[in-house]
Amino acid sequence: MGERRFAEHNMMAVYPTVENAREAVTRLERKGIEGGNIEVLGAAAEGANEPQTNIEQREADMRLTGAVGKRSAVGAVVGAVVGALVVSVAALLADAAFDLGPNSTVAIMGALGGALFGGFAGVFYGGASGLPVSDAWSETFEAVKQGQTAVAVHSSSPDQVEDAVEALRDTGALRLTRFGPDGRIRGD
């Protein structure tokens with residue numbers, strides 16, 4: 001698993017599964033914790049550093065692609081609906097101002113154009129908007145073992161560690177601990 005790294009301020013949350021740890025990493029990054037300050041330890045980290053066969057690598061890649069694909073699909077649907085509504089209303093307003101033709105034709109063409117554009121934009125926004133950028137998140141897809149996985153935050157800023165603790169407080173962590181640069185648990 002490699003050598004543990006400690007900063008002046010640290011915290012660790014232990015989760016029962018790799019999937020729970022993946023969600024914790026996502027939550028930390030959405031809270032503004034820098035990806036370089038996040039570390040995954042345990043089942044996910046053990047498998048991430050081992051050489052993988054082509055089949056194992058393909059399976060890890062497919063799990064990651066599946067997660068992005070689900071977000072992209074939701075983004076496409078939401079984008080298409082929003083685009084259709086916005087552009088059809090704009091088309092009806094333009095028709096009212098400039099008498100462009102039959103109202104139903106203008107609204108239908110506007111809705112179709114808006115749905116196409118909105119769906120296209122939604123695919124990209126949905127797929128990329130929630131992806132964490134840290135290596136820790138991608139390690140949770142490469143895990144070859146299931147089991148308890150810890151997510152740690154190491155920072156020189158006590159505020160960043162407090163933000164991390166607050167972000168993970170209600171995530172179902174088995175243990176949520178702060179510790180110092182010496183690795184000793186802090187009771188604050």
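Restricting attention to region 132-169, report how many residues are at pLDDT 90 or above and in a loop (DSSP other than H, G, I, E, B).
Selection size over region 132-169: 3.
Counting only residues that are at pLDDT 70 or above and loosely packed, with under 14 Cβ neighbours inside 10 Å, which one in region 32-53 is farthest from ASP159 (Cα to Cα)?
First pass over region 32-53, keeping only residues at pLDDT 70 or above: 32-42.
With the extra rule that they be loosely packed, with under 14 Cβ neighbours inside 10 Å, the set shrinks to 32, 36.
Numbers: GLY32: 11, GLY36: 16 Å.
Across region 32-53, the extreme among qualifying residues is GLY36.
The values are calculated or read from the model by the stated rules, or taken from the named source; none is laboratory data. On a predicted model such as this, the values are computed, not experimentally measured, just so you know. Note that each Cβ is placed from the backbone with ideal geometry, even for glycine, and that neighbours are counted across all protein chains shown.
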